[in-house]
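The values are calculated or read from the model by the stated rules, or taken from the named source; none is laboratory data. These figures come from a predicted structure and were not determined experimentally. All Cβ positions, even for glycine, are placed from backbone atoms using ideal geometry, and neighbour counts span all protein chains on display.
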Amino acid sequence: MLERIKNSPKLKWVIRIILALAAIFVLFFAAIYFGLFGEIPSTKDLSELKQNEATQVLSADGNLIGKYYIFDRQPISYEQIPQNLTNALLATEDIRFFEHDGIDNRSLMRVFVKSILLQDRSSGGGSTLTLQLAKNLYGRKDYGYLGIVINKLQESIIASRLEDVYDKKEILTLYLNTVPFSDNTFGIESASMKFFNKHTKDLKLEESSVLVGMLKASHYYNPRLFPERSKLRRDVVLVQMKKYKFISEEQMEKAKTSPLELDYQYYGHDQGIAPYFREQLRKDLTKILDTLKNNREEPYNIYRDGLIVRTTLDSKMQQLAEQAVNKHMAELQTAHEKSYGTKGPWITNNAILLDALKRTAQYKKLQEKGHSDKEILSILDKNPHEIEVFNYGKNKVIKGTVLDSIRYYQKFLNAGFMAVTPKTGAVMAWVGGVDFEHFKYDHVAQSKRQVGSTFKPIVYTAALESGIEPCSYFSINEVTYPGGWTPKNSGSYGDDPFMNYNMKTALSNSINTIAVKVLMETGISNVINQAHKMGIESDLPKVPSIALGTAEISLKEMTKVYTSFVNDAKPSTPYYITSIEDGQGNVLVEFKPEVQKSPAYSEQNREIMIEMMKATVNEGTATRLRSTYGLKNDISGKTGTTQSNKDGWFVGITPKMVAITWVGTDDPRIGFRNTRIGQGANSALPVFALFMQALNKDSDFDGITKARFGSPSSQVTAMMDCESSSRDNFFSRIFNNPDKSKVKKDNKKEKKGFFKKLFGKKKKD
């Protein structure tokens, strides 16, 4: 019988088939092992593993405010992994992890047989944590029909080598540092920070279970998108932990009844805290890192090398600044649209619409096909469809055409805000616009706009430096200058052409006619030189109108100018990077404040200017800081409004902070409908006011909010002791005709008549 079985042709064929299959498998495995289907990392390669690591951006108060990454990954050590997380992972993914050698041979054979013999493409399963780590590290390639088998065998070889190089704790740590989670997040620390805003070591049992549960299918169990689904999966993980006696019945039930509470953090480029700041920082870092070499003599990579960038930004102050901007701008936007009704320039001005359209991909494609502008406008004003658009509070969906979308966005006002420490220039808050996702243009870093009356303090500083006394009086009447330009005043100033005001009153009430006269008395060249001493780098036109801020200057430059008023007359350049470190905390480069060594003007004149700008807040154009917003802090300031209400500005100065706000539209051709809405006191000042109110409520900022200006010297007090105004005497009124405009030339004083000499009081006409 046995002899017959041995000699059976069928048995021989079975044996031959088995041997043939075994030989095929050996050859197949050898082909994979020796790299026929792609090189497999050697033991040496694996021992030098270095994964791409996200560069972290830290605020001055040590909080994570952003990251730069290809894959969002932050490595941690084994000691930082809580036991409940390890237990949840083992119970769900690989309960025999500490017993096997990294490969489950039975699972591999099952995959091989089912995939090849039974053609079951979905067999899969059975992967150990080490095999999953191999997949996480090197990914999978498409090899067609045999793809899953080839990838599995490659992973088994890598897993075997990993087990030779690393111990179990190291493998577990590597796995958790590389495993993918939802929302383009890699590694447990990044996932913990993103979904719960806490470090891995601080995760609770139920939070660990949520993250481990996500590993089965990261998108399907994303707790942000599918909270109920995620919660059910969390409970499955808890049941598994109870099954393997990692937790008790009581612990399981308590964790299962806890609500799913996320503290989701946006670290993407478009969302999260300080997106405009982070984008400018990214540009700066790219240039800086090109000058630094790592131990391989290669430049550091912002997306790969896990650097730590420490900044001057105060995370809490930044959030308060963003809240102030959003709150005020939402209200101002409503008033802006209401003032225009259905006749806004974004609707009626085709030139504005066409210019915006030309920047779109749709326009460029149609132009390449030979369509005229008129045809393109017609084509893109058809086929309305649903469009998600920006809206304060929450984005909304509108039904419209491409042109409708452009009109929608053209109506929006925008803003820029910066707060710095005047002694050093350290940037504490930076808001480049109202929403980075929809409005990329940064009005702090990129924009130059007319600065309006915020330029006047430069004019008055130059005047004081030239010897003009603060109690000098200037006539309010209008004068025509070369080129036929006649500056005018707003409000009640100008109703009585025989009135004269001293410099303090003229500056605090932003009287245009006097500002230009002060400039002409000082000399345009002298004012421009003074502006450059105080930090202006932009070219300034040599025209009388610069007294009213017709020059286009960046917000950063103006910030530097105003730091001098509370920094011993020395301008401080705004800076925001303090150091860059590698992943081990070694400092690669440090940055120090850039403060001008020599004063830009005298200490006496600095005190005078602070007193003048205090008057702006206490009795001038910025009084609503006191009356409307109830601020009792020591504040100096200056409002600014440009021609046709295109730009609104406000500069707030406290002893420990300089903050500047700009408000307008991205297209300077679209201004506010009227001065009531568009003046700096209404469009820009409220941002500073709301910001200060928030700072006042937080004792952490007492060093800023409770700081006091020093008392002016007795000499300065005496120099400013005069009536705010005077009126021309009888004889002056007879011999001066205020209705007759006089053309004045730069720094040319008019000859005074007998009666002016006799009765004038430091008046400069």
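General remarks:
- From 423, 488, 517, residue being over 19 Å from residue 660 (Cα atoms), in a loop (DSSP other than H, G, I, E, B) and of a type in the set (Lys, Arg): 488
- Restricting 481, 460, 501 to those that are aromatic (Phe, Trp, Tyr) and at pLDDT 95 or above reduces the list to 460.
- Odd one out for residue 449 among (1) crowded, with 19+ Cβ neighbours inside 10 Å; (2) within 30 Å of residue 390 (Cβ to Cβ); (3) out of contact with any strand residue (DSSP E or B) (no Cβ under 6 Å at 6 or more places or on another chain); (4) of a type in the set (Lys, Arg): (3)
- Being closer than 30 Å to residue 263 by Cα, crowded, with 23+ Cβ neighbours inside 10 Å and modelled with pLDDT of 95 or more is a property that holds for residue 208.
- Taken together, 287, 365 contain a single residue that is outside the structural domain of residue 382 (by TED's automatic domain parsing), modelled with pLDDT under 95 and either of a type in the set (D, E, K, R) or not in a loop (DSSP other than H, G, I, E, B) (or both), which is 287.
- Residue match in segment 172-183 (condition: of a type in the set (Phe, Trp, Tyr), modelled with pLDDT of 75 or more, within 30 Å of residue 273 (Cβ to Cβ) and in contact with a Ser or Thr (Cβ under 9 Å, 6 or more places away or on another chain)): yes
- Residues that are outside any helix (DSSP H, G or I), closer than 25 Å to residue 576 by Cα and in contact (Cβ under 8 Å) with a residue 60 or more places away in the chain within segment 530-566 comprise 534, 535, 536, 538, 552, 553, 554, listed in sequence order.
- Conditions (1) under 30 Å from residue 629 (Cα atoms); (2) touching a strand residue (DSSP E or B) at 6+ places or on another chain (Cβ under 7 Å); (3) modelled with pLDDT under 95: number failed by residue 341: (2)
- Residue count for segment 165-181, restricted to those that are surrounded by 20 or more Cβ atoms within 10 Å (Cβ to Cβ) and more than 20 Å from residue 304 (Cα to Cα): 2
- Residue within segment 379-394 that is within 24 Å of the chain's Cα centre (by Cα) and closer than 24 Å to residue 566 by Cβ present: no
- Of the residues making up segment 333-346, none is surrounded by fewer than 16 Cβ atoms within 10 Å (Cβ to Cβ), within 23 Å of the chain's Cα centre (by Cα), under 23 Å from residue 688 (Cα atoms) and not assigned by TED's automatic domain parsing to the domain that holds residue 391.
- From the options 182, 192, 248, residue that is among the polar types (S, T, N, Q), within 31 Å of the chain's Cα centre (by Cα) and more than 21 Å from residue 63 (Cβ to Cβ): 182
- Subset of segment 289-301 that is surrounded by fewer than 18 Cβ atoms within 10 Å (Cβ to Cβ) and not polar (S, T, N, Q) - its residue that is nearest to residue 442 (Cα to Cα): 290
- Residue-level analysis places residue 209 outside the set of residues that are free of Cβ contacts under 8 Å to residues at least 40 places away in the same chain and closer than 19 Å to residue 237 by Cα.
- Residues satisfying the stated conditions in segment 347-365, i.e. of a type in the set (Val, Ile, Thr) and loosely packed, with under 15 Cβ neighbours inside 10 Å: 348
- Answer from 640, 652 - the residue that is without any contact (Cβ under 8 Å) to a residue 60 or more places away in the chain and assigned to a strand (DSSP E or B): 652
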